[in-house]
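Below is one structure, written out as structure tokens; comments come after it.
The values are calculated or read from the model by the stated rules, or taken from the named source; none is laboratory data. Every value quoted in this text rests on a predicted model; they were computed, and no experiment measured them. Heads up, the Cβs are rebuilt from the backbone with ideal geometry, glycines too, and the neighbour counts pull from every protein chain shown.
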Amino acid sequence: MNALDIHQILEFLPHRFPMLLVDRVLECEAGQRIKAVKNVSMNEPYFPGHYPHRPVMPGVLVIEALAQTAAILSFITMGQKPNDRSMYYFVGIDGARFKRPVLPGDQLIMEVEITRRARGIWKYAARGYVDGNLAAEAELMCTYKMIAEDAAE
């Protein structure tokens, strides 16, 4: 599978504004890797408070954008899309490092590769770049679970 536009991304992620943090998928190799984009705009809802004098995308949201990119890769790898009876949970972050701030006007290029898949846990090496320079990196862990019938009530 190659590029995905925003309408196709919405089929793979349950997130919506303001939590949808992937704008386009540039490349995807099922079972291997994905490359996606987050266009960072001054209109993001967190910038007025983080920080008014020098807006910076919060690091936790950079990691969340990487995790959403990983979720898209996982669903494409599984050959399915999420539904009302399933959830893809973010279960761990190791080695998160932030190398440069992500600012309004930046284009965050996210590259995620699957490093391991065992006992329902997916592990990924995730990196975010701005202008070809590493902005953030982490090892992410996620799991796909069916929601119990009684939990939805």
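Could you please find all residues in region 105-137 being among the small types (Gly, Ala, Ser) and either surrounded by fewer than 19 Cβ atoms within 10 Å (Cβ to Cβ) or in contact with a Gly (Cβ under 6 Å, 6 or more places away or on another chain) (or both)?
Selection gives Gly105, Ala118, Gly120, Ala125, Gly132, Ala135, Ala136.
Scan region 4-24 for residues that are under 16 Å from Val62 (Cα atoms) and either of a type in the set (Ser, Thr, Tyr) or surrounded by 15 or more Cβ atoms within 10 Å (Cβ to Cβ) (or both) and report the count.
The number of residues fulfilling the criteria is 6.
Could you figure out which of (1) farther than 22 Å from Phe12 by Cβ; (2) at pLDDT 95 or above; (3) outside any strand (DSSP E or B) isn't true of Leu61?
(1)
The conditions are (1) farther than 20 Å from Tyr129 by Cα; (2) surrounded by fewer than 16 Cβ atoms within 10 Å (Cβ to Cβ), and Ser74 fails exactly one of them. Which is it?
If we test Ser74 against (1) farther than 20 Å from Tyr129 by Cα; (2) surrounded by fewer than 16 Cβ atoms within 10 Å (Cβ to Cβ), just (2) comes out false.
Starting from residues that are without any contact (Cβ under 8 Å) to a residue 24 or more places away in the chain and assigned to a loop (DSSP other than H, G, I, E, B), keep the ones in region 19-45 and report whichever is farthest from the chain's Cα centre (by Cα).
Asn43
Among the numbered criteria (1) in contact with a Ser or Thr (Cβ under 7 Å, 6 or more places away or on another chain); (2) at pLDDT below 95, which one does Met87 miss?
Unmet for Met87, out of (1) in contact with a Ser or Thr (Cβ under 7 Å, 6 or more places away or on another chain); (2) at pLDDT below 95: (1).
Of all residues in region 77-100, which are farther than 13 Å from Glu113 by Cα and assigned to a helix (DSSP H, G or I)?
Met78 - this is the single residue of region 77-100 that is farther than 13 Å from Glu113 by Cα and assigned to a helix (DSSP H, G or I).
Do we have Lys145 as among the basic types (Lys, Arg), modelled with pLDDT of 95 or more and farther than 19 Å from Arg33 by Cα here?
No: the conditions fail for Lys145.
Would you check if Pro82 is more than 12 Å from the chain's Cα centre (by Cα) and either within 24 Å of Arg54 (Cβ to Cβ) or among the hydroxyl-bearing types (Ser, Thr, Tyr) (or both)?
When the stated conditions are applied, Pro82 does not pass them.
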